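To keep things clear, I will list the structure first and then write my remarks on it.
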Protein chains: 2
Amino acid sequence: MRFLCEKKTLVHSISIVQKAVSSKTTLPILKGIHIEVIKDYLKLVATDLEIGIEHTVEVNTYEEGSVVVDARLFSEIIRKLPDAEVEIILKENNQLYIKCENSEFNIICYDPQDFPELPSIEEEYSYEIHQDLFKNMIRQTVFAASQDETRLVLTGALMEIEENTLNMVALDGYRLALRKGKIDASIDNKVILPAKALNEINRILTDEEETIHITLTENHALFIIGNTKLISRLLEGEFISYKQIIPKEYKSKVRVKTKSLLDSIERASLLAREGKNNLVKFMIDDDKMTISSNSELGKVQEEVAIYLEGESIEIAFNSKYFIDALKIIEDEEVYLEFTTNLSPGILKPVTNDYYIYLVLPVRLSAN
Amino acid sequence: MRFLCEKKTLVHSISIVQKAVSSKTTLPILKGIHIEVIKDYLKLVATDLEIGIEHTVEVNTYEEGSVVVDARLFSEIIRKLPDAEVEIILKENNQLYIKCENSEFNIICYDPQDFPELPSIEEEYSYEIHQDLFKNMIRQTVFAASQDETRLVLTGALMEIEENTLNMVALDGYRLALRKGKIDASIDNKVILPAKALNEINRILTDEEETIHITLTENHALFIIGNTKLISRLLEGEFISYKQIIPKEYKSKVRVKTKSLLDSIERASLLAREGKNNLVKFMIDDDKMTISSNSELGKVQEEVAIYLEGESIEIAFNSKYFIDALKIIEDEEVYLEFTTNLSPGILKPVTNDYYIYLVLPVRLSAN
């Protein structure tokens, strides 16, 4: 193996695959990046056996070959090199020679034979979706997935295709986020992706208009984004029938400025945090919503102007769940919908019906 | 106590005193900020008993008074308030009422009687120094102070006045940093300031031309910077006679570009780090300096163009000590001076003699 490549190009390529590198693993080779030169291309691959990322870039090839180099060391060396052309040569005994201007490195590497191959994905079912739409869908749902590994299926997000609509859903037993997006796909389909894989895709995606190609098999999903491929295992199991959870009706509907509501809940939660469950209370009446909280540190009361349709209500929530959602809604105004103070509250943007966020209330004690 | 003050002004004032607040303390009141309104001024004070910071700001006073409020909570609340005027009222039972637009807080506070008073400093010995000069002196020396609490005197920096020159010196047994600055002070003087106090002063100082007023007593130093006062205890004990350590002569003198040398040592240390002592070797000969290092990960060799006066030399160092100093030297070029590979190396800017940095070499093994 011998090739030439600009330092900046290498830095970019390494940064893309590096996130799939195992941070803790009993298999040392998984701390490495498999680099391979074929024809005029350099292919970098990293995997933690859950997800795998492959990135291809054009280089100036003198000799083909492959090796596995420690990801952290390789990344740090390339990053620190001068902004110039880098020459990389594989020498005997898996030693990687790296030269750039007056710097010369010789790095001891792993045998590429020992690196696990990524699963081969056969084109069974696939569709395309715009990068910016898919990025938004991930950003607006995946944060609601559970962190609790004992219910593995909830640590992922459902990607469900129904009548040319992709529904992305994540929930953790306390709140649920649903984002819909129009796509062009003839057949219905349903898979559960690990949150980690979706977060990595979000990182790789640009805000560009280009599409991302998604292929699904029984056990894997393959995402192709330009020169980058990401393969993830699917989560096994049945996702919760989320549609039954979302209330169809309400008794109180509040229209409120997103930013004012977010700021007030954030301030109220400064005192709630020290107490139990980040508890904040909403008192909704007429043209205002009073948000209050108290703990041994003191008490706080916030007033937010609202437009109320329907009944007055008093209801309490874990402020964290509201803050999470209000932070990712881009609309200037949101609707809040409530039925009773024991049934879920709904939060959605005023201008579209693509997004629904549901939160379970906290029961208020008698006093 | 009752006063009005802009949110931004409060945020700024809190951020200045907050760094003196005890992070870990058995005395809960030291987690607080003492706030006091006298005439048209709000005075904020925080202390961890080692250093104390006091900041005064003009406010719109309705009633004088004082209280001690939890620093973290107060800072978070004020920071999150809308960008508007804040009304603060002390109610009964040390409850602090904070109102800003539609937000109202009631915070349970400490009795101001229990807050320790800052030591009163009588003007005994004092001088003035430009803020930007003092900031540079701190930045270029204090990092070299020891972290090792068993030799307390080395965890501080010497501030020595001799013949209208302030010498600031810090050392840790492996390296020494000395920065000289011209000042106007008639009498010689010598004190040792804790590194922490100097770092806090550095943070408070602006790059402005204004001067800082320094007063020294037997046990304390008082720094007055505009509306801010910082009082620090002095470290007791005798500082090492540092002048004897600095070699007056050399056999090899190297002139080299600061940035090239820093970059090369940083790259070389990527491999050194995993080995012993961040060991990097300098081979200085003719018009080039070869920097090399090796460990079980591989090896690296860097070449840097130099201008050598005197003898060739091979000498090894802990790369960290060189990197620390090269990062804070602003000159484009530096001199390195060596005598033997067992005696200290010297690093200094080419354009002035205000700064001297000394590093002990690492003995090279026979092979």
Leading residue by the ranking (surrounded by the fewest Cβ atoms within 10 Å (Cβ to Cβ)) among those in the range B:103-138 that are in contact with a Leu (Cβ under 9 Å, 6 or more places away or on another chain) and within 10 Å of chain A (Cβ to nearest Cβ): B:108
Unmet requirement for residue B:175, which otherwise passes all of (1) surrounded by fewer than 18 Cβ atoms within 10 Å (Cβ to Cβ); (2) modelled with pLDDT of 95 or more; (3) charged (D, E, K, R): (1)
Hey, residue B:229 farther than 18 Å from residue B:131 by Cα and in contact (Cβ under 8 Å) with a residue 24 or more places away in the chain or not: no
Criterion: closer than 27 Å to residue B:146 by Cβ, modelled with pLDDT of 95 or more, over 18 Å from the mean Cα position of the chain (by Cα) and not charged (D, E, K, R) - qualifying residue of B:222, B:198, B:234, B:262: B:262
Counted residues, the range B:312-321 - those being in a strand (DSSP E or B) and within 28 Å of residue A:74 (Cα to Cα): 4
Residues of the range A:63-100 that turn out to be of a type in the set (D, E, K, R) and more than 14 Å from residue A:9 (Cβ to Cβ), as a count: 9
Complete set of residues in the range B:65-93 that are within 17 Å of residue B:3 (Cβ to Cβ) and either in a loop (DSSP other than H, G, I, E, B) or at pLDDT below 95 (or both): B:81, B:84
For residue B:72: the one exception among (1) buried (at least 16 other Cβ atoms within 10 Å of the Cβ); (2) within 14 Å of chain A (Cβ to nearest Cβ); (3) basic (Lys, Arg): (1)
Hits in the range B:340-367 (condition: more than 18 Å from residue B:291 (Cα to Cα), assigned to a loop (DSSP other than H, G, I, E, B) and of a type in the set (Val, Ile, Thr)): B:350, B:351
Search result, residues across the range B:274-286 that are of a type in the set (D, E, K, R), surrounded by fewer than 19 Cβ atoms within 10 Å (Cβ to Cβ) and touching a residue at least 24 places away in the same chain (Cβ under 8 Å): B:285, B:286
Residues that are outside any helix (DSSP H, G or I) and either within 20 Å of the chain's Cα centre (by Cα) or at pLDDT 95 or above (or both), drawn from the range B:11-30: B:19, B:20, B:21, B:22, B:23
Pairs, first within 10 Å of chain A (Cβ to nearest Cβ) in the range B:75-102, second in a helix (DSSP H, G or I) and modelled with pLDDT under 95, C-beta under 8 Å, six or more apart: B:76/A:270; B:77/A:270; B:80/A:270
Check on residue B:62, assigned to a strand (DSSP E or B), facing chain A (nearest Cβ under 10 Å), out of contact with any Gly (no Cβ under 8 Å at 6 or more places or on another chain) and at pLDDT 95 or above: no
Filter pass, residue A:57 being in contact with a strand residue (DSSP E or B) (Cβ under 6 Å, 6 or more places away or on another chain) and in contact (Cβ under 8 Å) with a residue 40 or more places away in the chain: yes
Residue ID - surrounded by the fewest Cβ atoms within 10 Å (Cβ to Cβ), chosen from residues in the range B:31-59 that are of a type in the set (D, E, K, R) and either touching a Cys at 6+ places or on another chain (Cβ under 7 Å) or outside any strand (DSSP E or B) (or both): B:39
Filter result (within 14 Å of another protein chain (Cβ to nearest Cβ) and aliphatic (A, V, I, L, M)) within the range A:235-292: A:256, A:261, A:262, A:265, A:268, A:270, A:271, A:272, A:280, A:283, A:289, A:291
Among (1) surrounded by 14 or more Cβ atoms within 10 Å (Cβ to Cβ); (2) among the hydroxyl-bearing types (Ser, Thr, Tyr); (3) closer than 21 Å to residue A:20 by Cα, the one test that residue A:141 misses: (3)
Top-ranked residue of the range B:330-348 - restricted to ones that are farther than 23 Å from residue B:277 by Cβ and in contact with a helix residue (DSSP H, G or I) (Cβ under 8 Å, 6 or more places away or on another chain), ranked as surrounded by the most Cβ atoms within 10 Å (Cβ to Cβ): B:333
Condition check for residue B:117: of a type in the set (D, E, K, R) and over 32 Å from the mean Cα position of the chain (by Cα): no
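Yes/no matrix, rows are residues, columns are (1) buried (at least 19 other Cβ atoms within 10 Å of the Cβ); (2) in contact with a strand residue (DSSP E or B) (Cβ under 6 Å, 6 or more places away or on another chain); (3) farther than 17 Å from residue A:362 by Cβ:
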site: A:288; (1), (2), (3): no, yes, yes
site: A:294; (1), (2), (3): no, no, no
site: A:298; (1), (2), (3): yes, yes, yes
site: A:309; (1), (2), (3): no, yes, yes
site: A:320; (1), (2), (3): no, no, no
site: A:324; (1), (2), (3): no, no, no
Close pairs from the range A:116-139: first free of Cβ contacts under 8 Å to residues at least 60 places away in the same chain, partner assigned to a strand (DSSP E or B) and among the basic types (Lys, Arg), Cβ under 8 Å, at least 6 apart: A:136/A:179; A:137/A:179
Search result, residues across the range A:313-338 that are in contact with a Ser or Thr (Cβ under 8 Å, 6 or more places away or on another chain) and not aliphatic (A, V, I, L, M): A:319, A:320, A:331, A:332, A:333, A:337, A:338
Boolean, residue A:324 is among the acidic types (Asp, Glu) and either part of a helix (DSSP H, G or I) or out of contact with any helix residue (DSSP H, G or I) (no Cβ under 7 Å at 6 or more places or on another chain) (or both): yes
Set A:223, A:239: member being crowded, with 17+ Cβ neighbours inside 10 Å and part of a loop (DSSP other than H, G, I, E, B): A:239
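The values are calculated or read from the model by the stated rules, or taken from the named source; none is laboratory data. Small disclaimer: the values here were computed from a predicted structure and weren't measured. A quick note on method: Cβ atoms are made from the backbone with ideal geometry, for glycine too, and the neighbour counts reach across all protein chains shown.
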